[in-house]
Amino acid sequence: MKALSKFISYLFHPLLFPTYGTVLILALNPNMFGYFGEKLHVVWLIIVFALTFIFPVVWVAMMKGLGMIESLNMETSKERIIPFVAAGTFYLWTTWMFRANVHMKIPLNNPLIFYMMIGACISLFVAFFMNSFTKISLHTLGAGSIMGLILILIKFSTYDIRLLFVVIVVLAGIIGTARLILKAHTEPQIWMGYFIGFTGQFLAFNVVSKLIN
């Protein structure tokens with residue numbers, strides 16, 4: 001069970017959730033973004049993957065090489081501080097790139113990705129603040145974000161994705177269970193991750209979007 005739990009933890013690494021969210025946005029809303037062409041969709045996906053996963057991972061690996069953190073798993077709250085700041089910087093960069101800007105040579109004004117990234121930034125910075133008090137599960141924070149995103153996409157998607165939402169909820173439960181099996185977090189830390197991730201997406205699409213518009 002521990003080997004399977006580790007596999008699940010790697011497969012659903014917290015930094016991969018923006019990429020998974022982007023895939024869902026593009027796959028479930030073909031009519032909304034179809035006129036941009038599939039090649040541009042790939043460009044969007046590469047940009048999100050590079051800025052929210054590759055760059056932060058390289059940064060953390062450099063920190064490990066310099067002895068600034070003891071483990072890539074960042075098991076203590078203290079070890080998480082600088083990686084939090086690094087990830088937050090790259091998340092903000094990604095959000096800025098997807099803002100509505102008609103002057104960009106490559107059109108990145110995808111509103112769903114933009115607000116998804118705002119939600120991710122909100123969740124990440126709340127988790128950073130809470131890190132001083134408890135080690136929130138970033139895996140379930142990502143899972144909560146995807147649950148919130150799918151719930152929002154129900155009203156945008158041309159497909160009936162209610163069954164997909166149920167699947168995502170079950171998958172989120174599996175992720176949380178895996179983290180408990182590995183004894184990486186306590187139950188309150190797991191539930192807090194779900195709540196912060198879900199709330200971040202809710203605020204981005206229902207509050208921040210109205211303030212911007």
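Data overview
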item	result
Residue within segment 134-149 that is over 30 Å from Lys2 (Cβ atoms) and modelled with pLDDT under 95 present	no
Selected residue (criterion: modelled with the lowest pLDDT) from residues of segment 99-120 that are crowded, with 18+ Cβ neighbours inside 10 Å and more than 17 Å from Lys210 (Cα to Cα)	Leu108
Among (1) modelled with pLDDT under 90; (2) closer than 27 Å to Ile82 by Cα; (3) loosely packed, with under 15 Cβ neighbours inside 10 Å, the one test that Phe129 misses	(1)
Residues of segment 187-213 classified as touching a residue at least 60 places away in the same chain (Cβ under 8 Å) and either out of contact with any Ser or Thr (no Cβ under 6 Å at 6 or more places or on another chain) or aromatic (Phe, Trp, Tyr) (or both), total	8
Checklist (1) at pLDDT below 90; (2) under 17 Å from the mean Cα position of the chain (by Cα) applied to Lys39, failing item	(2)
Subset of segment 69-84 that is surrounded by 14 or more Cβ atoms within 10 Å (Cβ to Cβ) and assigned to a helix (DSSP H, G or I) - its residue that is modelled with the highest pLDDT	Phe84
Condition check for Ala61: out of contact with any Phe, Trp or Tyr (no Cβ under 6 Å at 6 or more places or on another chain), assigned to a helix (DSSP H, G or I) and either of a type in the set (D, E, K, R) or at pLDDT below 85 (or both)	yes
Subset of segment 160-204 (residues that are over 21 Å from Leu138 (Cβ atoms) and part of a helix (DSSP H, G or I))	Arg162, Leu163, Leu164, Phe165, Val166, Val167
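The values are calculated or read from the model by the stated rules, or taken from the named source; none is laboratory data. Keep in mind that what you see is a predicted model, and the values were worked out from it rather than measured. For neighbour counting, all protein chains shown are included, and Cβ atoms are generated from backbone atoms with ideal geometry for every residue, glycine included.
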